[in-house]
Amino acid sequence: QVQLAESGGDSVQSGGSLRLSCTGSAWRCVGWFRQAADKEREEVVRISTAGITTYAESVKGRFTISRDNVEDTVYLQMNSLKPEDTAMYYCAAQPTYTCSSSWPRWGQGTQVTVSS
């Protein structure tokens with residue numbers, strides 16, 4: 001069983017950019033989640049095998065998810081970062097084409113910190 005693994009988290013200044021990677025992403029549906037201190041986990045974006053994406057309102061226009069099936073990797077390009085984007089970011093996967101199931105597979109997370 002292939003494990004999901006995130007990388008690319010770092011500490012950046014407000015307005016900066018980061019690109020997160022998630023390897024082991026050969027699933028029908030892959031998503032990015034984040035959890036900030038003292039807050040509930042929230043979904044950032046999900047992408048299906050057909051390339052259909054769903055973004056959280058808070059990141060629309062700033063974050064972009066992409067998928068490289070050959071490399072079995074999903075990326076999250078994050079631009080115009082804000083302090084409120086500070087969180088532990090996780091990638092997750094599920095087997096459905098429509099992204100309508102639970103998320104049985106999770107990575108260990110990568111920390112993103114945006115300073116003001």
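The values are calculated or read from the model by the stated rules, or taken from the named source; none is laboratory data. These numbers come from a predicted model, not from an experiment. Virtual Cβ from ideal backbone geometry, glycine too; neighbours counted across all protein chains shown. To get the accessible areas, we keep the full protein, side chains included, count just its heavy atoms, and leave off ligands, DNA and RNA. Shrake-Rupley method; radii C 1.70, N 1.55, O 1.52, S 1.80 Å.
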message: Taking the Cα centroid of region 1-24 and of region 76-106, what is the distance between the two, rounded to the nearest whole Å?
response: 11 Å
task: Please pull out the direction-averaged projected area of region 1-100, using the convex hull of its alpha-carbon atoms, in nm² to one decimal place.
output: 6.4 nm²
message: Tell me which of TRP27, SER115, GLY15 sits at the most positive position along the dipole axis of the chain, charges placed on C-beta atoms (Lys, Arg +1; Asp, Glu -1).
response: TRP27
task: Express in Å², to the nearest 10, the accessible area of ILE52 obtained by rolling a 1.4 Å probe over the protein heavy atoms while all chains stay in place.
output: 110 Å²
message: Which order do you get for TYR97, TYR55 if you rank them by accessible area with a 1.4 Å probe, largest at the top?
response: TYR97, TYR55
- prompt: Near the amide H of VAL44, under 5 Å away, which other amide H atoms are found, from residues 5 or more places off or on another chain, if H is placed in the peptide plane?
  reply: TRP32, PHE33, ARG34
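If you place +1 on the Cβ of every Lys and Arg and -1 on the Cβ of every Asp and Glu, how big does the dipole about the Cα centre of the chain come out, in debye to the nearest 20?
Values: 11 positive and 12 negative charges, 39 e Å.
Charge dipole of the chain: 180 debye, to the nearest 20.
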- prompt: What fraction of the DSSP beta bridges in the chain is antiparallel, stated in percent and rounded to the nearest 5?
  reply: 90 percent
